[in-house]
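The values are calculated or read from the model by the stated rules, or taken from the named source; none is laboratory data. Here the structure is a predicted model, which means the values were calculated and not measured. Cβ atoms come from the backbone with ideal geometry, glycine included; neighbour counts cover every protein chain shown. The accessibility values were calculated without ligands, DNA or RNA, using every heavy atom of the protein model including side chains. Shrake-Rupley method; radii C 1.70, N 1.55, O 1.52, S 1.80 Å.
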Amino acid sequence: MNLANAADDFDWLRAQAETLSYGTGPIVDHTLASSDGWYMYIEASYPRLPNDKAILTLPHIYKTGPRCELRFWYHMMGTGIGSLRATAKDHSGRVIASWRKDGEQSAQWLQGGLYMPHADDVTITFEAVRGKDYQGDIALDDLEFVNCDMGLSPVCGGTEFICESGQCIPLKSACDSTPDCFDHSDEDPANCPGNCDFERSNCNWRDQLQNTQFNWTRHQGYSPSWYTGPDSDHTTGTQTGTYIYIETSVPQAPGDTAAILSPRIQKTSSRCFMSFWYT
């Protein structure tokens, strides 16, 4: 999914448990009905203003079937709720389906649906508009395509990556840490050994190596030590995102080493490079 959009005012966030504002937003996700589950939402608190909008764009869909439906669960509780709109457009930019809700709906998760006719090169967006005040958090969870026949395989060119769903994307877009295939197969560790955002696991990167004194650790939020370490991850930019770090408090001593080893990469190209974020 694409969280950043030049046409909006702020971004959707990935979160667990309650949102930051009192009297609005879910307290659990829909998938697990637990504070351990994840969902996407907009945070309506300051510095957000009435009518600010956040746009969430789904990965590009190569083809929909004649009875294609996008099912999703949404949460719109709070006296300051604005609106939530889902829109599907074909390759020409023509709107082929739309769905909308305005104002407070329920304290529970509700199911919505977007019904689409047969179309090629479909783009789907969710646009949330901030309402009158901070009690306007809107959330989404459990997006599911039903009867969409997206497995039909197009003929991809020699400079394109073939997604497992059959979708074609530019070869340079594969294994760049940003999912472009609808099924995210372009960022699957099986296709991209070494790619990892550490959100769910270490992705086969190994620590506990010989000749090291301590290990790298997956962590969320502030590190335990004062005045050092990040307060959020890079992937989501929130305290619920996960990163790896070294904890240098006691019993660690000056000169101690921690190392992490990538999965084996069978072959690299002449233009291969590794990018990473550090602090």
Please find, within the range 141-169, the residue that is nearest to the chain's Cα centre (by Cα) out of those that are among the polar types (S, T, N, Q) and at pLDDT below 65.
Ser165
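Per-residue answers, yes or no, for (1) more than 23 Å from Asp11 (Cα to Cα); (2) open to solvent by less than 90 Å² (accessible area, probe 1.4 Å); (3) in contact with a Ser or Thr (Cβ under 7 Å, 6 or more places away or on another chain):
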position	(1), (2), (3)
Thr228	yes, yes, no
Tyr245	yes, yes, yes
Pro254	yes, no, no
Ser262	yes, yes, no
Conditions (1) crowded, with 19+ Cβ neighbours inside 10 Å; (2) in contact with a Gly (Cβ under 9 Å, 6 or more places away or on another chain); (3) at pLDDT 95 or above; (4) hydrophobic (A, V, I, L, M, F, W, C): number failed by Met116
(3)
Looking at (1) in contact (Cβ under 8 Å) with a residue 40 or more places away in the chain; (2) more than 23 Å from Arg14 (Cβ to Cβ); (3) assigned to a loop (DSSP other than H, G, I, E, B); (4) open to solvent by 30 Å² or more (accessible area, probe 1.4 Å), which one does Tyr134 not meet, given that it meets all the others?
(2)
Residue hits (the range 89-104; modelled with pLDDT of 95 or more and open to solvent by less than 40 Å² (accessible area, probe 1.4 Å)) are Trp99, Gly103
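Taking the condition of being open to solvent by 40 Å² or more (accessible area, probe 1.4 Å) and not β-branched (Val, Ile, Thr), how many residues in the range 119-130 meet it?
Looking only at the range 119-130, we keep the residues that are open to solvent by 40 Å² or more (accessible area, probe 1.4 Å), and these are 120-121, 123.
Now drop any that are not not β-branched (Val, Ile, Thr), which leaves 120-121.
Residues in the range 119-130 being open to solvent by 40 Å² or more (accessible area, probe 1.4 Å) and not β-branched (Val, Ile, Thr): 2 in total.
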Please list, ordered by residue number, the strands (runs of 3 or more DSSP E) wholly in the range 19-81 having 1 or more residues that are under 21 Å from Asp8 (Cβ atoms), open to solvent by less than 10 Å² (accessible area, probe 1.4 Å) and among the aromatic types (Phe, Trp, Tyr).
38-42, 68-76
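Taking the stated definitions as given, is Met77 in contact with a Leu (Cβ under 7 Å, 6 or more places away or on another chain), closer than 20 Å to Gln111 by Cα and of a type outside the set (Gly, Ala, Ser)?
Working: in contact with a Leu (Cβ under 7 Å, 6 or more places away or on another chain): no; closer than 20 Å to Gln111 by Cα: yes; of a type outside the set (Gly, Ala, Ser): yes.
Considered against the rule, which asks whether it is in contact with a Leu (Cβ under 7 Å, 6 or more places away or on another chain), closer than 20 Å to Gln111 by Cα and of a type outside the set (Gly, Ala, Ser), Met77 comes out as no.
How many residues are small (Gly, Ala, Ser) and open to solvent by 60 Å² or more (accessible area, probe 1.4 Å) when one looks only at the range 186-201? Show your work before the answer.
First, the residues of the range 186-201 that are small (Gly, Ala, Ser): 190, 194, 201.
Those left that are additionally open to solvent by 60 Å² or more (accessible area, probe 1.4 Å): 190.
Residues in the range 186-201 being small (Gly, Ala, Ser) and open to solvent by 60 Å² or more (accessible area, probe 1.4 Å): 1 in total.
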If I filter the range 202-223 down to residues being open to solvent by 50 Å² or more (accessible area, probe 1.4 Å) and assigned to a loop (DSSP other than H, G, I, E, B), which single residue comes out as modelled with the highest pLDDT?
Tyr222
